[in-house]
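I have placed the structure first, in the form of structure tokens, so that the comments after it can refer back to it.
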Amino acid sequence: MASLKLLLSQARRHCFTNHPSHFHSPLSHPFRSFSSSSESNPLFQQPIPIQPVSYPVKPQDPPPPEPEPQPSSDTQPPPPPPQASNTPIPEQPRAWTREDIRYVKDAPSITPVSYPVRVAPLPDDKAPVDVDAMETERRKIEAEDQLRKKMMKSVEDEKMKVPFPLFIKPKQKEKPPLFDLSEAIRQVKANAKAKFDETVEAHVRLGIDSKRTELAVRGTVILPHGAPKAVTVAVFAEGAEAEEAKAAGADIVGGKELIEEIASGNNKLKVDKCFSTPGMAPHLGKIAQYLRKRRLMPDKKLGTLTSDIAGQLKELRQGRIEFKMESKSILHVGVGKVSYKEENLRENIGAFMNAVLQAKPAGLKKTSKYAGYVLSVHICSTIGPGIPVSIQSLSKAADNYKKAHMV
């Protein structure tokens, strides 16, 4: 430690004496007082010799002794082992690895590894080929090729017949033949196989736009051979008119008391028709919504709002029916029963068609009676199929009814 202190002091003195320009005024350098004191000290003026320190080389451990071979008469004795010396033995250079070479700039070149070239065998070196097996394989391949060509050809032919993309038009049902009215009635009777007496219905499709309310078709007709259904009637009247309605055969007769009962819900009014006198019409406002839902509201156009209650009831008992065009421009009415005779059904259908012609709207611009107005007519039983009827036979039946009953 003492030697180190002397070495540092000698170096500091040597720096101060040989490089005075590196130091400035006493105020600018913090070592000013230290340098002045070192110059006055005689210890810093004389050089102190420094002796080098050397350490002896650490001797290596001696190798383990080898086993002594047994002496023989044929072999010579081995040479004596070399004497150990204090000189260091140089280390053998270690072989380079790939990991070492990655971080060395001038790495030694690595000799590439080459593999012997593989040579394909000559045709003469191959094993002999079975000619029969090759011929069989060739024929099999040709047969498969011909089959594939046939399949491709059939597919192309099918594409030529039905091109892709294919728009399949729906099959239009063939229109059934039109029957004469008499033949249609026979068909309806033959198809009615129910245990009860089925109703014969007529369905007329009109060529009128249902959105145009001014062209709506509605009316009444008295069937000459009676209606297919017995009708129950309610009459709103008071006084002498009420007595007249009871005498004519009305099922329910009443005035303001009947209206109050219906409005309060005590009377459900389960009837098929409602008639009213003009004097009772203002009082029907309380139950107008109830009657309209059940299509029972008295209407002057239908003859249910009238002063002649007895005459209307008489016509109703004789077979008067009402018809009105629905939202699909179709009329549906019952014209009789299956048990009716063929002539009676023909006259009832003629009367109905005559009423349909009379109810034709004036704004319909067509010259002919049926052209553009009546498109088709079908008749059927309650659960039987519809039978189309020709317009010519229906026109003839309507003309016959008009001649017989309206002359």
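The values are calculated or read from the model by the stated rules, or taken from the named source; none is laboratory data. Because the structure is predicted, anything quoted here is derived from the model rather than measured. Neighbour counts are summed over all protein chains in view; Cβ atoms, including those assigned to glycine, are modelled from backbone coordinates with ideal geometry. Remember, those area values only see protein heavy atoms, side chains included, never the ligands or the DNA or RNA. Shrake-Rupley method; radii C 1.70, N 1.55, O 1.52, S 1.80 Å.
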Within the stretch 200-216, count every residue that is out of contact with any Asp or Glu (no Cβ under 8 Å at 6 or more places or on another chain) and surrounded by fewer than 19 Cβ atoms within 10 Å (Cβ to Cβ). 9
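Taking helices (runs of 4 or more DSSP H) that fall entirely within the stretch 290-407, which contain at least 1 residues that are at pLDDT 90 or above?
342-358, 391-405
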Count, please, the residues in the stretch 286-296 that happen to be more than 13 Å from residue 255 (Cβ to Cβ) and either open to solvent by less than 60 Å² (accessible area, probe 1.4 Å) or polar (S, T, N, Q) (or both). 5
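Is it the case that some residue within the stretch 250-258 is of a type in the set (Asp, Glu) and in a loop (DSSP other than H, G, I, E, B)?
There is at least one residue in the stretch 250-258 that is of a type in the set (Asp, Glu) and in a loop (DSSP other than H, G, I, E, B).
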Counting only strands (runs of 3 or more DSSP E) entirely within the stretch 165-243, those with at least 2 residues that are touching a residue at least 60 places away in the same chain (Cβ under 8 Å), charged (D, E, K, R) and more than 30 Å from residue 255 (Cβ to Cβ) are 199-206
